[in-house]
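Single-structure report; data block below.
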Amino acid sequence: MYRRELMLGLSAAVLAACGQTPERAVGPDGLPLQSVYRIRPRDEAAVQFRMLDSVNAIRQRAGVTPVELDPRLNAAAATHARDMSIQNRPWLFGSDGSSPLDRARRVGFPGRLLGENISESYETELQTLAAWMGQNDTRTVIVDPNARFMGFAWFQEQSGKLWWTLNMGSDPAVQQAIPSAV
């Protein structure tokens, strides 16, 4: 039952996003030709809020409170997305050895970082979200009932490859702050 509702919710989000997508060229077989998904600077806010709305639709179906974008977590996500591109590998540690917790602390996020999802792909943000929802560990980050804040960012290479990062954090009034390294 939950899976069916989730798929309906994601389908609705994808359809809503389709209204803003230009027509794609069709090949001789009648199927759309492959194209590179490019995020233009003027579309950055729309991409970020489309992801936020989609995440909150999923969270609503899961019976947990919505999250809001946090500029500090957005900054941590953007830093890591660019760093993954430089390293040319999707993984949770920065080229300086930093962990997701280190990056959240560096940007001054006062709550607890609950999780970080990453991806290397040529897919849209909604296709990436669907892939994350298909895996237990990344789905758990998205629907964590303690989450109140979300950071979401990406880095796009000239080739069109996208490096996605999504962070979820708690409300500092409810959760203990991230411990500082001593």
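The values are calculated or read from the model by the stated rules, or taken from the named source; none is laboratory data. Values in this document were obtained by computation on a predicted structure and should not be read as measured data. When we count neighbours, we look across all protein chains shown, and the Cβ atoms used for this are built from the backbone with ideal geometry, even at glycine. Just so you know, the surface numbers come from the protein's heavy atoms only, side chains and all, with ligands and any DNA or RNA stripped out. Shrake-Rupley method; radii C 1.70, N 1.55, O 1.52, S 1.80 Å.
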Mind giving me the nanometre distance, one decimal, between the label points for ALA173 and GLN127, set 7 Å out from Cα along Cα→Cβ? 4.1 nm
Excluding PRO66 itself, calculate the net charge of residues whose Cβ lies under 10 Å from the Cβ of PRO66, where each Lys or Arg counts +1 and each Asp or Glu counts -1. 0
Counting heavy atoms of the protein chains only and a 1.4 Å probe, report the per residue accessible area for region 73-122 as a whole number of Å². 46 Å²
